[in-house]
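To start, the structure under review is shown below, and the notes come after it.
The values are calculated or read from the model by the stated rules, or taken from the named source; none is laboratory data. Computed from a predicted structure; not experimentally measured. We place every Cβ from the backbone using ideal geometry, glycine too, and count neighbours over all the protein chains shown. Side chains are part of the model used for accessible areas, which takes the heavy atoms of the whole protein and leaves out ligands, DNA and RNA. Shrake-Rupley method; radii C 1.70, N 1.55, O 1.52, S 1.80 Å.
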Amino acid sequence: MSREKISVVSREKLGLASKLNVRWLGKVPYREALAIQNAMFSQSTSQHLLMLEHPHVFTYGPNADLEKNLKCEPHEVGAELVKVNRGGDITYHGPGQLVVYPILNLAPKHGVNGPADMQAYVHGVEQLVIDTLEQLDVKNVGRLVGYPGVWVDVHSVEPKKICAVGVRVSRGRTMHGFALNVATDLAFMRDHIVPCGIAEHGVTSLHELGFNVTVQQVADVVSVLAAKRFAHGEFDRHDVAWSAESTKPATASSSVQFSARKPEWLRPRVNHGPEVLATKKILRDLNLVTVCEEAGCPNLSECWADGTATMMVLGERCTRACGFCLIDTRKPLAPDTNEPSRVAQAVAKMNLEHAVLTMVARDDLADGGMSHVAECIRQIRNASPLTRVETLISDAKGTDALEVLFAERPDVLNHNIETVARLQREVRPSAGYARSLSVLARANAAGLVTKSGFMLGLGETKAEVEATLVDLASVGVQIVTIGQYLRPSSEHLPVARWADPQEFVEYAMFGESLGIKHVEASPLTRSSYHAKQAAESTTSQASGEPVVVRLAQVGSR
Ligand code: SF4
């Protein structure tokens, strides 16, 4: 079945621009949430409601008076201090506080063009919080004349602020939002700052008022009311796991037996011709490792013949142990400083058109290994200026070290999200859904072509897969790979099911209808499969071209 152009599908017809994509993202560092927001705000027309908690952080707008309103050294109380492009003075975010960021499309105030009605929107956000509190049976909540946010005991002599509201609206899109104190440690607001610069009134929380509700319970109310208020009640909610219990993927009883025979589409005939053997010799002589060989990838001969190969740098020992990955988890060795030049020699000798560098996670290194990968790019560019370089990287724990790699401008920045939000904790316990989205969002903001990938067969549902594609598209990802999870050993996570080849076709169509330039999806697809073609498709398609749906090749290799 060959690739062909079928039809043009609009996002509106798919109703994607109106539905509210509700996501509980768990605990997310402020800067990572900001990177995701910025990408969704500028890269997408989808509507999202991001709900999360932040680790301790004080944020302030450009007009904040820190002299007057910041009463501590943030690092001394275990908090970050972050300057943000929003209205308002200094405020606090931390565990036990439900933070909600609506990324919405607002209709123009008048007619079809022109600015949105900012005031009406702020009023709407405040009303959403008031309705939520009233639904939780909190009395005397409302607005306090002359003050932003939502208050309790508004008619008493001592009204208290329970929710800060700070939004940004531009070109009819919204970002930032509100922070509702559920079980917040109020000492951070009372002892360390003058919240929002308001010294004359205090703050409170639902717990202080005697409402023993969880952040999850409040999030449940907010998501339903927000969908009613901003999306005609239409929403699609997906959460990262709230607890270990709520993430159980496939169990032995509900999964494929390890010894079970794979379906025919997962048993390709692999024949390594003379050119493959010649390439293997080059790699052995240069003491280099390819994922292609390590993982016994069925696509090896096709990729190598096509001028694409994936080299593993920074060693074969990983500081993590994802449930699907056959990797050596002994203590990693120090990076080999000669490796970049050897990689460059191999790329030149193999005359690669598209070189993929992949790495294990090196959380033992201060920069997560990013400067080593950057040096590999430099050396490849010196030795083979025409070779396109793709880097498949770890998340470097979301640190600024990522910028070191971004500055070397890999032709494709690849970072796999691996599975859907709900299964992250079980499948890749040292990584995270929001962290991966933020890595991709930051790479996109740096102007790089971004790519991600995930597996089917770990227990995900169709709705969860589509939601993951919506989120990847919303942070500007241009290339996605989707393949079947294959269990490397009986020690690893069980295969929940063999996904039918037709499913991959449908996900590719869905993904490309969202504006993702290239979705490589088939049972045997791996992160670097058809990497060269995928990269080429991002340059061929001018941005904003109508969405085109393609049929991916299925079965035959
Ligand atoms: S971080 Fe990467 S290499 Fe390490 S265990 Fe996870 S998937 Fe495997």
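Going highest first, how would you order 343-355, 69-81 by mean Cβ packing within 10 Å? Don't jump to the answer; show the numbers that get you there.
On the way: 343-355: 21.5, 69-81: 14.3.
Ranked from most to least packed, the peptides come out as 343-355, 69-81.
Once you have the Cα-Cα distance between N63 and V224, take 0.36 nm times their residue separation minus that, and quote the gain in nm to one decimal.
My answer for the length gained is 54.5 nm.
Nearest 10 degrees is fine. How inclined is helix 339-349 to the longest principal axis of the chain, computing both from alpha carbons?
50 degrees
Taking just the alpha-carbon atoms of the stretch 364-462, what radius of gyration and Dmax come out, in angstrom?
Here Rg and the maximum Cα pair distance are 14.4, 45 Å.
Below 24 Å, Cα to Cα, which lysines can K517 reach? Residues fewer than 8 away in the same chain don't count.
Candidates past the 8-residue exclusion: K5, K13, K19, K451, K462, K532.
Under a 1.4 angstrom probe, counting protein chains only, how are C303, C325 ranked by accessible area, largest first? List each step's numbers first, then the result.
Details: C303 20, C325 45 Å².
Listed by decreasing accessible area, they come as C325, C303.
Which value in Å is the Kirkwood Rh of the stretch 66-198 over different Cα pairs? The partial results should precede the final answer.
On the way: mean 1/r = 0.0623 Å⁻¹.
Averaging 1/r across every pair of different Cα atoms and inverting gives 16.0 Å.
Give the accessible surface of the chain per residue, rounded to a whole number of Å², with probe radius 1.4 Å and ligands, DNA and RNA excluded. Walk me through the numbers before you get to the answer.
Numbers: 22970 Å² over 557 residues.
For the chain, the per-residue accessible area is 41 Å².
Enter the angle in degrees (range 0 to 90, nearest 10) between the Cα long axis of helix 370-383 and the first principal axis of the Cα atoms of the chain, meaning the one along which they spread out most.
40 degrees
Just the accessible area for D117, please: 1.4 Å probe, Å², rounded to the nearest 10?
Using a 1.4 Å probe on the heavy atoms, I get roughly 50 Å².
Under a cut-off of 29 Å between alpha-carbon atoms, report the lysines in cross-link reach of K68, not counting same-chain residues fewer than 8 places apart.
Filter leaves K83, K160, K161.
Once the convex hull of the C-alpha atoms of the chain is built, how many Å³ does it hold per residue, rounded to a whole number?
Values: hull volume 90.1 nm³, N = 557.
Spread over its residues, the Cα hull of the chain gives 162 Å³ apiece.
What aspartates and glutamates sit close enough to K71 to cross-link, taking a C-alpha to C-alpha distance under 17 Å and skipping anything fewer than 8 places away on the same chain?
E80, D89, D185, D191, E200
Zone of A321 (label point 7 Å along Cα→Cβ, backbone N under 12 Å): which residues in the stretch 466-492?
491-492
Quick check for me: using +1 on Lys/Arg Cβ and -1 on Asp/Glu Cβ, what's the dipole size of the chain about its Cα centre, in debye to the nearest 20? All intermediate terms of the calculation are to be shown ahead of the outcome.
Details: 58 positive and 62 negative charges, 220 e Å.
It comes to approximately 1060 debye.
What angle do you read, to the nearest 10 degrees and between 0 and 90, between the alpha-carbon axis of helix 274-285 and the longest principal axis of the chain?
Helix 274-285 sits at roughly 70 degrees to that axis.
With contacts defined as alpha carbon pairs under 8 Å and 6 or more residues apart, what's the relative contact order of the stretch 270-384 in percent?
Relative contact order for the stretch 270-384 comes out at 28 percent.
Roll a 1.4 angstrom probe over the protein heavy atoms and tell me the percent of accessible area of the chain that is carbon or sulfur. Each step should come with its number before you reach the end.
Numbers: 12010 of 22970 Å².
Using a 1.4 Å probe with all protein chains present, the chain comes out at 52 percent carbon and sulfur.
Over every pair of different alpha-carbon atoms in the stretch 8-239, take the mean of 1/r and invert it; report that Kirkwood radius in Å.
18.0 Å
Two-decimal Rg/Rh of the stretch 270-384 from alpha-carbon positions, Kirkwood Rh?
My calculation of the ratio gives 0.96.
Under 5 Å between amide H atoms, partner at least 5 residues away or on a different chain: which partners does A116 have, H built in plane at 1.01 Å?
Under 5 Å from the amide H of A116: K109, G172.
Can you give the relative contact order of the stretch 8-239 as a percent, counting alpha carbon pairs under 8 Å and 6+ residues apart? Walk me through the intermediate numbers first.
Numbers: 473 pairs, mean separation 55.3, N = 232.
Reported as a whole number, the value is 24 percent.
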